[in-house]
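Structure record follows, encoded as structure tokens.
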């Protein structure tokens, strides 16, 4: 859509509303051209494009809330990927998809960028600790580190983070049969 066509609308708000309804990609381009990364990321998030949103929130980083949103988008993708495999056996293909998501986060320094751009006050919050612990859970899952997953279960249980605890127990149950460990492990 041309800039001239958008000039038919008298206000920026009307232009944006029109683009939201009729030209989603053009709206995204407009946000990025105007360095409105927060709005671009929110737009992607509303369209279910969480991976792109996570990386654009990092560019925004106007406040700690953008960092939290970036982590939430990344973790949402991890949870979806994990739950997609709930009714199937873990296969190499399923693990490759999950592994590529985590590997990309490592390759692009996604987690390190998040940690470095976070304020000291954010790092002291429970919300931050819970989100980072969930990231650690998925790293442990990829590495099939049963002990670390167990620590995550205990952490989420003590924080009363039931969704994350469920994911951690699910991960533990996915790894457990592969390792053929005695059931007494769970009783600890």
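The values are calculated or read from the model by the stated rules, or taken from the named source; none is laboratory data. Everything numeric here is computed off the predicted structure, so don't read it as measured data. Positions of Cβ are generated from backbone atoms using ideal geometry, with glycine treated the same way; all protein chains shown enter the neighbour counts.
List of remarks:
- Members of the stretch 38-84 found to be within 21 Å of residue 130 (Cβ to Cβ), more than 15 Å from the chain's Cα centre (by Cα) and touching a residue at least 24 places away in the same chain (Cβ under 8 Å), listed by number: 61, 64
- From the list 87, 35, the lone residue that is modelled with pLDDT of 80 or more and over 17 Å from the mean Cα position of the chain (by Cα) is 35.
- Condition check for residue 94: in contact with a helix residue (DSSP H, G or I) (Cβ under 9 Å, 6 or more places away or on another chain) and modelled with pLDDT under 75: yes
- Any hit, the stretch 157-165, residues being touching a helix residue (DSSP H, G or I) at 6+ places or on another chain (Cβ under 8 Å), surrounded by 13 or more Cβ atoms within 10 Å (Cβ to Cβ) and modelled with pLDDT under 85: no
- Residues (farther than 19 Å from residue 53 by Cβ and in a loop (DSSP other than H, G, I, E, B)) located in the stretch 107-164: 119, 124, 125, 144, 145, 160, 161
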